[in-house]
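Everything on this sheet refers to the single structure shown next.
Nothing in this text is a laboratory measurement; each read-out follows from the coordinates by a stated rule. Since the structure is predicted, the reported quantities are computational estimates derived from the model, not experimental observations. Note that each Cβ is placed from the backbone with ideal geometry, even for glycine, and that neighbours are counted across all protein chains shown.
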Amino acid sequence: MLPKPYILFQFISFCSLLSHLSAGIHYCFISSRLIKIPFYILNLNGKSQLYKNLNQIWYTRLVRRIVSLSVRSPLRLITLRLVNFNITIPSNSGCVIAICHTPWKRLLVQWCLQNNFSLIIAGGRWTKQRGTIQRQALGITDLRCIVNYLKQNGRIVITCDIFNNLNNCPVSFLGKHQNVSLLPARLARIAGVPLITAIPVLRKGKIHFDGGPQFDLNKLNSDSTDVMQQIVSFLETEIKNDPSIWLTTYHQNFA
């Protein structure tokens, strides 16, 4: 049996202390108007909530660095125990799990590998073992393989906050008009499997995957556009409640 991750918890506790200092400095720079941040971090619940949002963002940034290092070290298996996937998924069917661009991508990939949990739809070139669970969903052949995998009770994880220059699913997201990709809903509809939304949240030193809206085949067949609108609206609400759940570099597009 693996030992309890006391070392990791000590590092994570230190991150909590350090995040208060970092957030305080960040707050001073913002109050002095020396730097700019996205409006949803500043104006969500009034300026009284600014420090709280900044503290959670810095806490996530620091813990992410610790996790990123430890998951590639002898502490890998212990680190994976930080993941708490508490979402009910179908046992007799495949499913599409839609998530946002999360700071915990590296951890999620390693967790999926360790538990033989799912394929992950993602761009870029993954190397070595990670590449065995990556699919890019580019081209008819790749898409056909993904659909067949879902029909055979497989699971895939795909980001739902992918925006493009088309005009087939216009949405309003964080104060901007965007066109969101229909791929998550379309893959689920074609394969005849449910679409499930998940949000990874750092809470009490662990990364919890909390559930969001779920859509069965009837809903997917009736209006895929409405499905994606509901997912994006849910994501927007979650980001406003806790901006740290969203990948930091992605904030720049919505400043």
For this session: Treat each spin label as a single point 7 Å out from the Cα along the C-beta direction, and report the Tyr6 to Asn84 distance in nm.
Result: 2.2 nm
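For the chain, what does -39500 (n - 2.57) per DSSP helix run (n ≥ 4), summed and divided by total residues, give at 222 nm, in deg cm²/dmol to the nearest 500? Numbers along the way, then the final one.
Values: 9 runs with 112 residues, N = 255.
When only DSSP H runs of four or more count, the value is -14000 deg cm²/dmol.
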For this session: Could you go through region 107-120 in sequence order and give the Karplus-derived ³J(HN,Hα) for each residue, using 6.51 cos²θ - 1.76 cosθ + 1.60 with θ = phi - 60°, rounded to whole Hz, and x for Gly and Pro?
Result: 5, 4, 4, 5, 5, 5, 4, 5, 9, 6, 8, 6, 8, 10
For this session: Arrange Ser68, Ser13 by Cβ neighbour counts within 10 Å, fewest through most, would you?
Result: Ser13, Ser68
For this session: Search the structure for amide H atoms under 5 Å from the amide H of Ile87, placed 1.01 Å from N in the peptide plane, and list their residues when 5 or more places away or on another chain.
Result: none
For this session: Could you please tell me the mean projected area of the C-alpha convex hull for region 6-78, averaged over all directions and given in square nanometres to one decimal?
Result: 5.6 nm²
Exercise. Given Cα pairs under 8 Å that are at least 6 residues apart, what percent is the relative contact order of region 6-78?
Worked result: 39 percent
For this session: With θ set to phi - 60°, apply the Karplus curve 6.51 cos²θ - 1.76 cosθ + 1.60 along region 143-149 and write out the HN-Hα couplings as whole Hz, x wherever there is a Gly or Pro.
Result: 5, 5, 5, 5, 4, 4, 4
Exercise. Between Arg144 and Asn179, what is the spin-label point distance in nm, taking each point 7 Å from the Cα along the Cα→C-beta axis?
Worked result: 2.7 nm
Exercise. Amide H to amide H, which residues 5 or more places from Ile120 or on other chains are under 5 Å from it, using H placed in the peptide plane?
Worked result: Gln134, Arg135, Val157
For this session: Would you kindly derive the ³J(HN,Hα) couplings of region 184-200 from the backbone phi angles with the Karplus curve 6.51 cos²θ - 1.76 cosθ + 1.60 (θ = phi - 60°), listing them in order in whole Hz, with x for Gly and Pro?
Result: x, 5, 5, 4, 5, 5, 5, 7, x, 10, x, 10, 10, 9, 9, 10, x
For this session: Just grab the label-to-label distance for Leu21 and Ser172, each label 7 Å out from Cα along the Cβ direction, in nm (one decimal).
Result: 4.3 nm
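Distance cut-off 22 Å, Cα to Cα: go down the list Lys105/Lys204; Lys105/Lys206; Lys176/Lys204 and report the pairs above it.
The answer is Lys176/Lys204.
So how much slack lies between Lys151 and Thr237, counting 0.36 nm per residue of separation and subtracting their Cα-Cα distance, in nm? If you can, show how the numbers build up before the last one.
Values: separation 86, 0.36 × 86 = 30.96 nm, distance 3.18 nm.
Stretched out fully, the Lys151 to Thr237 stretch lengthens by 27.8 nm.
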Seminar exercise, completed: With a ≥ b ≥ c from the Cα gyration tensor eigenvalues, square-rooted, and the rule rounded for a/c under 1.5, otherwise prolate when a/b > b/c and oblate otherwise, the chain is oblate
Exercise. Treating the beta-carbon of each Lys and Arg as +1 and of each Asp and Glu as -1, no other charges, what is the dipole magnitude of the chain about its Cα centre, to the nearest 20 debye?
Worked result: 900 debye
